[in-house]
Amino acid sequence: MKKLLFIMLLFAAGRALADGGMTEVTYMDQEATGGGYVTRYLVTDRFLRMDYGRDREDFVVYDRREKRVYNVVHDRRQVLVFEPAPLQLEPPSDWKIKEDILDDRNAQKRFDLIVNGVVCSRITASERFLPEVAQALMEFQDAMAATHAATYLATPPEQRDACDLARLVLEPRRWFKYGLALDELRNDGFSRRLLNYQADIAVRPKVFEVPADYRQMTVKELRGETK
């Protein structure tokens, strides 16, 4: 399931708004069984782009106005489009989620996110650190929740994970409750730490553009759904 849910370095389309500049944030991410890699976020008033740190690579773009996500794969000349959809998955009857604050220093907090008694993530976050980026990421997670819910329901029950269900479907905004993460360690071994950031830099409109000559396919089409 984690592999399916982590298909995303999705990059989105269109024109960037020139108002207010762009913010760039880079993290060092590492899976439990693999080496580290850079994850970069570029944020404007209109768009959120995610990639591995270079403009010319494959990317994911979220159009914050249209609430659509575009996953651009250059070598296939293909764009997978995730359209907005309502979330139709209720929490399990025994669902319990809470935060346990471990350290509180003004606007910076270190806390555990606990689902059904399992510590899913230990996060250090700051409410004052780039709140516009945290907002864009929350919007993106909201937009992807229905897609992640479909993946969850298609996963055999014995392979389903309550932490993934919380983080990707039912409670994604909990991960940003105390602001943007400075570092995170998840119970599956994934870790993240802040590398660098720049605020109010010049917008590069082309990094948000979906190539017009690439084939576009929606998730419904990929699944063989006709309606």
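Here, each number is a calculation from the coordinates, and none is a lab measurement. Predicted, not measured: the structure shown is a model, and the values here were computed from it. Heads up, the Cβs are rebuilt from the backbone with ideal geometry, glycines too, and the neighbour counts pull from every protein chain shown.
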How far is it, in nm, from the label point at ALA107 to the one at ARG76 when both lie 7 Å from their Cα along the line to the Cβ?
-> 4.1 nm
How high is the FRET efficiency between GLN88 and THR218 when r is their beta carbon distance and R₀ equals 22 Å, given to the nearest 0.05?
-> 0.80
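What is the fewest-to-most order of THR218, THR26, THR33 by other Cβ atoms lying within 10 Å of their Cβ?
THR33, THR218, THR26
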The chain - Rg and Dmax from Cα coordinates, angstrom | 17.4, 53
Would you mind checking which residues have amide H under 5 Å from GLY53's amide H? H placed 1.01 Å from N; only 5 or more apart, or other chain.
-> ARG40
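Pulled fully out, how much extra length does the chain show between GLU57 and GLU132, if you take 0.36 nm times their separation in residues and subtract their Cα-Cα distance? Intermediate values should be presented prior to the final figure.
On the way: separation 75, 0.36 × 75 = 27.00 nm, distance 2.43 nm.
Extra length available between GLU57 and GLU132 comes to 24.6 nm.
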Distance in nm between pseudo-label sites at ASP45 and GLN30 (7 Å out along the Cβ direction from Cα) = 4.0 nm
Would you mind counting up the charge near TYR41? Only other residues with Cβ under 10 Å from its Cβ, with Lys and Arg at +1 and Asp and Glu at -1.
-> 0
Above-threshold pairs, the threshold being 28 Å between Cα atoms, out of LYS96/LYS177; LYS67/LYS206; LYS98/LYS220; LYS67/LYS177 = LYS98/LYS220
Kirkwood Rh and Cα Rg combined as Rg/Rh, the stretch 42-134 = 1.07
